1. Could you please report the charge total around Ile307, scoring K, R as +1 and D, E as -1 over all other residues with beta-carbon less than 10 angstrom from its beta-carbon?
2. Going by a ≥ b ≥ c, the root eigenvalues of the Cα gyration tensor, does the range 341-398 fall in the rounded group (a/c under 1.5), the prolate group (a/b larger than b/c) or the oblate group?
3. For Ala85, enumerate residues with amide H under 5 Å from its amide H, sequence gap 5+ or separate chain, H modeled in the peptide plane.
4. For Asp391, what is the net charge nearby, where nearby means another residue's Cβ is under 13 Å from its Cβ and Lys, Arg count +1, Asp, Glu -1?
5. How many percent of the accessible area of the range 47-171 is carbon or sulfur, using a 1.4 Å probe?
6. Determine the shape class of the range 62-116: with a ≥ b ≥ c the square roots of the Cα gyration tensor eigenvalues, call it rounded for a/c under 1.5, and otherwise prolate if a/b is greater than b/c, oblate otherwise.
7. Amide H neighbours of Asp161 under 5 Å, counting only residues 5+ apart in sequence or on other chains, H built in-plane at 1.01 Å?
Amino acid sequence: MIINRKTFLKTSSLAAASFLFPNFLQALTLPEAIAMNGKTLIILQLTGGNDGLNTIIPVKNDIYYKSRNQISIKEENSLLLTDEAGINPNLKFFKELYDNGELAVMNNVGYPEPNKSHFRSMDIWQTASDSNEFKNSGWLGRYLDEACHDCHNPTQAIEVDDLLSLAMKGETKNAIALKDPKKLFDISQEMLYKKLNADNHDHEHDLASYLYNTLGNAINNSEYIFSESKAKPTDKVYPSTQIGKDFKTIASLIKSDINTQVYYLSVGSFDTHANQNQRQTQLFKNINDAVEIFTKDMKENGKFNDIMIMTFSEFGRRVAQNASNGTDHGTANQMFFISGGLKKKGLLNPLPDLTNLKDGDLIYTEDFRKVYATLLKRWLNTNDQKILGKDNGYYDFI
């Protein structure tokens, strides 16, 4: 078949979009799926650098209050977890999870030689690299590489976004990205795509053949994902916020028979250089409300014990506030783990030591790659050392 210039330009543009837009990110049909172990991991990225000290509050620490005379959260306003620690008052449901033994908190998580650039530190967290090491693949993408050797285009990992994060890109496999399964399906059914998918001629031009096959896969995969998303739609009323919509999408997919084991979503921005409390309050309310409905939805459907929500941010903030009632880029931070399958609950380790700082920043005590190793080995049942490149050890909260 000879493809004319007009058709070639249309087709090549569409194929190029497969690297940018969710409706062309290729997936996997169910028969090629890796064996499921029944566990689902949901990564919630707090983009922008969330302030950990106003999230889990050291309510008895004078240094905290002296360093933040305008933006600190008073003990009486926090939701007490222990005598020494409270949680932000806008995370009311997280306090309920804590009381129910369904929340674990790892304090003071970071890595050696921390980087305060949003982009570089996010790359470090997403690739699980050292601070002086640059990788082109993400830790969850490499999970796909390891767990899905024979899969051409895996759907075991889905990012609820228009673009795919580095965390979800492997060396040989990529996850898929989508905001709305129905939108993905509708776009794929446009007449041009139907025509291209229905065309079964052998193409003499190698590039033309590649383009046609790419589009064909996109259409088939979008139909599969959309079909699964509506198989058992949730009847819960989720918040109308973006994170509410994203968790609703995840809930519908989890309740279907789709083979996805990892979901990734993000919320932000937490880059609170000015008027921090106002911004953090709204973001926490949105997160709290979405996680509450999602958790109740999963519990009612008998799924919660096999679901793990992990939160992270690329860095925390400095201990002292700035002159704009905000905080500047810092270092270590906490991570949350929400599940009905936790072996250890509550605060897993001590609060940050505010008497031992480096240039006004927290000094990390827990390496985030040990957290990744724990989740890969004990939740996703895969080879963490091959994925992360070394033995990081394990925690015992799962």
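1. Numbers: positive: Lys39, Lys299, Lys303; negative: Asp306.
Local net charge: +2.
2. Numbers: a/c = 4.31, a/b = 1.63, b/c = 2.65.
Oblate.
3. Val59
4. Local charge sum for Asp391: +3.
5. Working: 2220 of 4880 Å².
Solvent-exposed carbon and sulfur of the range 47-171 make up 46 percent of the total.
6. Values: a/c = 2.29, a/b = 1.15, b/c = 1.98.
Oblate shape, in that a/c is at least 1.5 and b/c is the bigger or equal ratio.
7. Residues meeting the amide H criterion: Leu178, Lys179.
The values are calculated or read from the model by the stated rules, or taken from the named source; none is laboratory data. Since the structure is predicted, the reported quantities are computational estimates derived from the model, not experimental observations. Because the Cβ atoms are built from the backbone with ideal geometry, glycine has one as well, and the counts that use them run over all protein chains shown. Just the protein is used for accessible areas: all its heavy atoms, side chains included, with ligands, DNA and RNA removed. Shrake-Rupley method; radii C 1.70, N 1.55, O 1.52, S 1.80 Å.
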